[in-house]
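Enquirer: Have a look at this one.
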Amino acid sequence: MTTLQDKLKQLVPQWREERSRILKDKGALVLTPVTVAQAFGGMRGVKGMICDTSEVQLDKGLFIRGHHLLDIMDLWPEQTFILLLTGEISPLESELTRNLQLEMDRRSQIPRYVLDVLQAMPPDSHPMTMLNTAILVMQRESRFSAEYARGMSKDDYWLPMLDDALTLLARLPGVAAAVYRLHYGKGDPIPWTAGLDYGANFAKMLGIDDPTGDFAQLMRLYLHFHSDHEGGNLSAFTCHNVGSALSDAYYSVSAGLNGLAGPLHGLANQECLGWILALMEKHGGVPNQEQIREHAFETLRAGEVIPGYGHAVLRVTDPRFIGFNRFGREHMPTDPVFMTVDRVFEVVPKCLEEHSNERVKAGKAPIANFWPNVDAGSGALLHHYGLTEFDYYTVLFAVSRSMGMMAQLVWNRAIGTPITRPKSVTMKWIATQAK
Ligand code: NMX
Ligand code: MLT
């Protein structure tokens, strides 16, 4: 029987050896000098951590373990998790993938106390707050924390971290679907169906009517696409830092997801659909190019950002946007919301470029990237299938991003990454240095 645990038992010693070799041969190599502007500017471009699960190239976008996203669009989430952790594309029918699916079946039941906590929350709690609360109440079940308290060798940290990751991975779709059903009064939570794949299970537990199976297909794609975006994105970076204190997966993932809940990060997907629907409502349907332009400049002149556009690393259209767009063209080419998103894509980059030029003339920083990111188009697809409650969308992102965060946590515990502690400096210190 090949399981993820068996695979990693082979890989972990290789990773450790590689880390030691790199440190010995290249330990003194300078990755990047850091300027004062970077220290003030969110450390943009500072290469200060290692992450092997994925890489984002500014002109190409996401590569998961060396595979460009658009070349592996058809992976299912269970395969994505295996790929993130092991670097291997494991076929659906392989023993490794099947075993992970069985593991999910075994671990997927949501404890009653979690549902009780969700039910007791104030009705105006944001779905992300509900999801995160559920994750935190389950922390009491952490094997990592229990084994650490009993006494465990550093060499073994990754094993209970993986165990917690598998439990959390298995429960997250059920918890997230319960949040959806309870928060929007859709009825009782729907249990996990053994034998059904991860993405289809999530779709089924949400309770969205899906006679064609297309919504399940979208869920698989959605969970695959949002899973990871190298180590420095806000949610993964936060999870990484909290995990480096040897906080367990429940604490660490929850911390990362609190960051995902911010409008400049994962909450942008809810903001995006809101922006699109407001535009459509104003014009009674799919707007023309001039109307989009006018709406875009209204947003920009109000000093707000256009959600779904721009990126801290990317300087091209996000391949995740391209992939979702392909799905939309295939499944809903005449859906008015999808058509609007498509037309916005034709207009907004030019508006951002013009606005950026105006900003520069006024002495402000340029907008670094005019192109759509992952959040610009995903909402239209969800909306098409009847998942119209857009303040829920970040929860979907969260279920997916947890895969990347947990793969990174296991990897970091395996290679023994120490507690994060960069050095800060004061403004006075900088002024003195300049003198
Ligand atoms: N609309 C208007 N202004 C923008 C936009 C945009 N879409 N993107 C960047 N700018 C502004 C930005 O606010 C900043 O202004 P100021 O100096 O006045 O504070 C200026 O341009 C320079 O920012 P950049 O260097 O281009 O971008 P940065 O790396 O700081 O931030 C984002 C990246 C993604 C936070 C930014 O592009 C943004 O706020 N986009 C809209 C929100 C969004 O779509 N977020 C989702 C990102 C993907 N995700 O899921 O996490
Ligand atoms: C992400 O997927 O995390 C976003 O695109 C943001 C980022 O990479 O910084």
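Enquirer: Any idea which residue in region 363-415 is most open to solvent (accessible area, probe 1.4 Å), counting only those that are of a type in the set (Lys, Arg) and either closer than 30 Å to residue 334 by Cβ or away from ligand 2 (no atom under 16 Å from the Cβ) (or both)?
Expert: Taking the candidates together, the pick is 364.
Enquirer: Just one of 236, 278 is within 16 Å of ligand 1 (Cβ to nearest atom), assigned to a helix (DSSP H, G or I) and crowded, with 24+ Cβ neighbours inside 10 Å; which is it?
Expert: 236
Enquirer: For region 1-28, give me the residue count where each residue is under 23 Å from residue 99 (Cα atoms), open to solvent by 70 Å² or more (accessible area, probe 1.4 Å) and basic (Lys, Arg).
Expert: Residues meeting the conditions: 1.
Enquirer: Can you tell me which residue in region 239-270 is farthest from ligand 1 (Cβ to nearest atom), limited to those that are part of a helix (DSSP H, G or I) and without any contact (Cβ under 8 Å) to a residue 40 or more places away in the chain?
Expert: So, considering only residues that are part of a helix (DSSP H, G or I) and without any contact (Cβ under 8 Å) to a residue 40 or more places away in the chain, the one farthest from ligand 1 (Cβ to nearest atom) is 242.
Enquirer: Residues 156, 105: which one is touching a residue at least 40 places away in the same chain (Cβ under 8 Å) and of a type outside the set (Val, Ile, Thr)?
Expert: Only one candidate qualifies: 105.
Enquirer: Got a number for residues in region 289-314 being within 14 Å of ligand 2 (Cβ to nearest atom), part of a loop (DSSP other than H, G, I, E, B) and within 16 Å of residue 350 (Cβ to Cβ)?
Expert: 2
Enquirer: Now for a separate question. Residues that are touching a strand residue (DSSP E or B) at 6+ places or on another chain (Cβ under 6 Å), within 24 Å of residue 226 (Cβ to Cβ) and open to solvent by less than 20 Å² (accessible area, probe 1.4 Å): does region 333-342 have at least one?
Expert: No: region 333-342 contains no residue that is touching a strand residue (DSSP E or B) at 6+ places or on another chain (Cβ under 6 Å), within 24 Å of residue 226 (Cβ to Cβ) and open to solvent by less than 20 Å² (accessible area, probe 1.4 Å).
Enquirer: Working only within region 315-331, note down all residues that are away from ligand 1 (no atom under 15 Å from the Cβ), over 18 Å from residue 346 (Cβ atoms), surrounded by fewer than 19 Cβ atoms within 10 Å (Cβ to Cβ) and not acidic (Asp, Glu).
Expert: The one that is away from ligand 1 (no atom under 15 Å from the Cβ), over 18 Å from residue 346 (Cβ atoms), surrounded by fewer than 19 Cβ atoms within 10 Å (Cβ to Cβ) and not acidic (Asp, Glu): 331.
Enquirer: Here's a follow-up. Among the β-branched types (Val, Ile, Thr) and in contact with a Ser or Thr (Cβ under 7 Å, 6 or more places away or on another chain) - does that describe any residue in region 367-382?
Expert: Scanning region 367-382, I find at least one residue that is among the β-branched types (Val, Ile, Thr) and in contact with a Ser or Thr (Cβ under 7 Å, 6 or more places away or on another chain), so the answer is yes.
Enquirer: For residue 75, work out the one condition from (1) under 26 Å from residue 104 (Cβ atoms); (2) hydrophobic (A, V, I, L, M, F, W, C); (3) in contact with a Ser or Thr (Cβ under 8 Å, 6 or more places away or on another chain) it doesn't fulfil.
Expert: (3)
Enquirer: How do the helices (runs of 4 or more DSSP H) wholly within region 29-130 filter down when requiring 2 or more residues that are crowded, with 16+ Cβ neighbours inside 10 Å and touching a Phe, Trp or Tyr at 6+ places or on another chain (Cβ under 9 Å): which remain?
Expert: 77-86, 95-107
Enquirer: Here's another thing I want to ask about it. Return the residues of region 206-222 that are in a helix (DSSP H, G or I), closer than 19 Å to residue 179 by Cα and either of a type in the set (Phe, Trp, Tyr) or over 16 Å from the mean Cα position of the chain (by Cα) (or both); say none if nothing qualifies.
Expert: 206, 215, 216, 222
The values are calculated or read from the model by the stated rules, or taken from the named source; none is laboratory data. All values reported here derive from a predicted model rather than from experimental measurement. Neighbour counts are summed over all protein chains in view; Cβ atoms, including those assigned to glycine, are modelled from backbone coordinates with ideal geometry. We work out accessible area using only protein heavy atoms, side chains counted, and drop any ligands, DNA or RNA first. Shrake-Rupley method; radii C 1.70, N 1.55, O 1.52, S 1.80 Å.
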